[in-house]
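Trainee: Dumping the structure here so I can ask a few things about it.
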Amino acid sequence: MLAPMRIALALLVVAGCVTSDRVPLPDGSFGWYIECPRDQSACLDEAAEKCPRGYEVIDRGSRTGAYASTSPYTMQTVMVPVTRGTLTIECKRNE
């Protein structure tokens, strides 16, 4: 019985990570696509770290999904619903 709870906890920890990837923008420059857990506050913190001189928000949103894992001990599948915020930014250039 503890194994499914441990799996669910591990999935929640993984789901709590902020990720960022450098992406091409429509005008040919590059920006950052940031995904964060639950709300935009962690995304904004990551944006400030990526662009210390400031940034422009190109797009923002959220997506909902689920993580699934099967316990090798009980063969039960644990589903954990996850909502993640997204933010696409362009760093301000030197002026």
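The values are calculated or read from the model by the stated rules, or taken from the named source; none is laboratory data. This structure is a prediction, so every number in the text was calculated from the model and none was measured. Quick reminder, even Gly has a Cβ in these numbers, built from the backbone with ideal geometry, and neighbours come from all protein chains shown.
Trainee: Taking region 51-77 only, how many residues are more than 27 Å from Leu87 (Cβ to Cβ) and part of a loop (DSSP other than H, G, I, E, B)? Spell out how you get there, then give the answer.
Mentor: Of the residues in region 51-77, the ones more than 27 Å from Leu87 (Cβ to Cβ) are 69-77.
After this cut, where a residue has to be part of a loop (DSSP other than H, G, I, E, B) as well, the list is 71-76.
Count: 6.
Trainee: Look at region 52-69 and say how many of its residues are exposed (fewer than 14 other Cβ atoms within 10 Å of the Cβ) and touching a residue at least 40 places away in the same chain (Cβ under 8 Å).
Mentor: Matching residues across region 52-69 total 1.
Trainee: Here is a follow-up. Criterion first (part of a strand (DSSP E or B), at pLDDT 80 or above, within 16 Å of Cys17 (Cβ to Cβ) and not aromatic (Phe, Trp, Tyr)) does Arg84 satisfy it? Working first, answer last.
Mentor: Numbers: part of a strand (DSSP E or B): yes; at pLDDT 80 or above: yes; within 16 Å of Cys17 (Cβ to Cβ): yes; not aromatic (Phe, Trp, Tyr): yes.
Criteria met by Arg84.
Trainee: Here is a further query. Output the residues belonging to region 32-65 that are in contact with an Asp or Glu (Cβ under 9 Å, 6 or more places away or on another chain), of a type in the set (Ser, Thr, Tyr) and at pLDDT below 90.
Mentor: Ser62
Trainee: Would you confirm whether or not region 63-81 contains a residue that is within 12 Å of Ile34 (Cβ to Cβ) and charged (D, E, K, R)?
Mentor: Filtering region 63-81 down to residues within 12 Å of Ile34 (Cβ to Cβ) leaves none.
Within region 63-81 (the criterion being within 12 Å of Ile34 (Cβ to Cβ) and charged (D, E, K, R)), the answer is no, since none of the residues qualifies.
Trainee: Could you please give the count of residues in region 22-43 that are buried (at least 18 other Cβ atoms within 10 Å of the Cβ) and either among the β-branched types (Val, Ile, Thr) or not in a strand (DSSP E or B) (or both)?
Mentor: 3
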